[in-house]
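*Asks:* Sharing a structure here in structure tokens format.
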Amino acid sequence: MYKINATLIIIVILLGCTTNRQMQAPNTLRDTGRPALHAVQNERLNDLMLRMNALVFEQIQTEIEISRDRRRKALRIAEAANKLQQSVDLILAAQPALNLAQRDSIVFLALANKLKKQAMQLENLARHNQIESLTETMTQITNTCNACHSLFRKL
């Protein structure tokens, strides 16, 4: 409490000793600090705008890059699916040399043709950038391969 009273007394004494410049020049504008405050605020606004622009355009650029990468990967998937179709054609061409029983031959051909159809579907989905559907089609292809391998792998 003693410190607060002493501080108040010192402030009152200092105010009494100062000259009042505002009384000497009543026709001039007082320096309210507003131009300086505006300059500070303007600097803050500019800084905020620069940061927001960086964040927005960085995000957009990243999304564009992600989209490009997805498209490139989708095209690579389409190329691989096309090669899978070519491999199925070679398997179909080699089928007579396997000397399968008629019933086994029918199952073998059905699975090979199913695989080719699924590979064509995968290629089509990938070329049209239908990324969401690729996983399901790949699962179907894997299941078809596994079914054929479990029946005919020993050949």
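*Asks:* Need at least 2 residues that are at pLDDT 80 or above and not charged (D, E, K, R) per element, so show me which helices (runs of 4 or more DSSP H) inside the stretch 1-97 make the cut, counting only ones lying wholly within it.
*Replies:* Details: elements: 2-17, 21-24, 34-94.
Hits in the stretch 1-97: 34-94.
*Asks:* Would you confirm whether any residue within the stretch 136-151 is under 15 Å from residue 76 (Cβ atoms) and of a type in the set (D, E, K, R)?
*Replies:* no
*Asks:* Right, another one. Just to be sure I understand, how many residues within the stretch 137-155 are surrounded by 12 or more Cβ atoms within 10 Å (Cβ to Cβ) and closer than 19 Å to residue 83 by Cα?
*Replies:* Qualifying residue count for the region: 8.
*Asks:* Next question. How many residues, within the stretch 79-101, are farther than 21 Å from residue 142 by Cβ and of a type outside the set (A, V, I, L, M, F, W, C)?
*Replies:* Going residue by residue through the stretch 79-101, those that are farther than 21 Å from residue 142 by Cβ are 93-101.
Adding the requirement that they be of a type outside the set (A, V, I, L, M, F, W, C) leaves 95-96, 99.
Here the count works out to 3.
The values are calculated or read from the model by the stated rules, or taken from the named source; none is laboratory data. Model, not experiment: these values are computed from the prediction. No Cβ is skipped: glycine too gets one built from the backbone with ideal geometry, and neighbour counts run over all protein chains shown.
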